[in-house]
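Report on the structure given below.
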Amino acid sequence: MPRGLFITLEGLDGSGKTTQCRRLASWLASRFPGDEPVLTRQPGGTELGDRLRALLLDSRESAIAPMAEMALMFADRAQSIAAIIEPALVEGKIVLCDRFTDSTEAYQGGGRGIGSEVVLALHRLLCDNLQPDLTLLLLPSLETSLERARRRNQRAVEIQGQDENRFEKEQDAFYRRVWEKYREIAAREPHRVALIEGDLSIDAVFEKIVEAVATLLNAHIAV
Ligand code: TMP
């Protein structure tokens, strides 16, 4: 059986990537009836991962040291690869993953200032250097991303009485470093990363996503 395809979605909080991920899953399901894609996310998606996610995103756990935060992200990822991603790829499935190692490089490497080298070395050691076949990087302008994330966080405070996500308490300078690191990754790996930039409508972003995925599928079928 030919190996499946591994597609990741990346972007800042508020980039709309989770909505697009679900939309892409339905598009793929309608294109390949009876062979639905496997949809997962990081952190989370496994039993261990969901527990790590709760810990990592809990806004009261503000004392997690950057290195500990990065180690937990990788613990989550190693479990996700072993339990979900790799078995599905072996079965020939398409796997859609909402965030992967580019997030660690952008948030911990860029945002927290750990740098890319350590993140990439850990990825080689702990994730067998698994590379996505395609990464859809949604990068609206920094200003738009920040505004959306803040609005979403504000709504969560109003509804649940606490903010949605520890990362959303970060300052603009942190998000600027994350945004810049994402752009650096896209420039470094243009063959893997489809950069979808600008303040586009949800439909316009989806059109670009479908274009990139269709190109990948055609190349895969032609092999
Ligand atoms: P999200 O899944 O709702 O986008 O939220 C996950 C948050 O965790 C988001 O703020 C980005 C952050 N994160 C990291 O800092 N490093 C990582 O490796 C991953 C996967 C997520």
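The values are calculated or read from the model by the stated rules, or taken from the named source; none is laboratory data. A quick note: this is a predicted structure, and the numbers were derived from the prediction, not measured. Heads up, the Cβs are rebuilt from the backbone with ideal geometry, glycines too, and the neighbour counts pull from every protein chain shown. Only protein heavy atoms, including side chains, enter the accessible area calculation; ligands, DNA and RNA are left aside. Shrake-Rupley method; radii C 1.70, N 1.55, O 1.52, S 1.80 Å.
The test for being in contact with a Leu (Cβ under 9 Å, 6 or more places away or on another chain), of a type outside the set (A, V, I, L, M, F, W, C) and more than 30 Å from Ala29 (Cα to Cα) holds for Glu105. The helices (runs of 4 or more DSSP H) falling completely within the stretch 1-109 that include 2 or more residues that are within 11 Å of the ligand (Cβ to nearest atom) and modelled with pLDDT of 95 or more map to 47-57, 66-80, 101-104. Among the criteria (1) closer than 28 Å to Val157 by Cα; (2) open to solvent by 60 Å² or more (accessible area, probe 1.4 Å); (3) among the polar types (S, T, N, Q), the one Gln79 does not fulfil is (1).
Within the stretch 45-65, the residues that satisfy the criterion of being under 18 Å from Asp98 (Cα atoms) and of a type outside the set (A, V, I, L, M) are Gly45, Thr46, Glu47, Gly49, Asp50, Arg51, Arg53.
Would you call Ala106 over 22 Å from Lys208 (Cα atoms) and surrounded by fewer than 20 Cβ atoms within 10 Å (Cβ to Cβ)?
no
Applying the selection to the stretch 111-141, what residues are more than 15 Å from the ligand (Cβ to nearest atom) and either touching a residue at least 12 places away in the same chain (Cβ under 8 Å) or at positive phi (or both)? Of everything in the stretch 111-141, those that are more than 15 Å from the ligand (Cβ to nearest atom) and either touching a residue at least 12 places away in the same chain (Cβ under 8 Å) or at positive phi (or both) turn out to be Asp128, Asn129, Gln131, Asp133, Leu134, Ser141. Answer yes or no: is there a residue in the stretch 36-59 that is in contact (Cβ under 8 Å) with a residue 60 or more places away in the chain and more than 19 Å from the chain's Cα centre (by Cα). Looking through the stretch 36-59, at least one residue is in contact (Cβ under 8 Å) with a residue 60 or more places away in the chain and more than 19 Å from the chain's Cα centre (by Cα). For the stretch 197-207, the set of residues classified as within 17 Å of the chain's Cα centre (by Cα) and either part of a loop (DSSP other than H, G, I, E, B) or under 20 Å from Ser26 (Cα atoms) (or both) consists of Val205, Phe206, listed by residue number.
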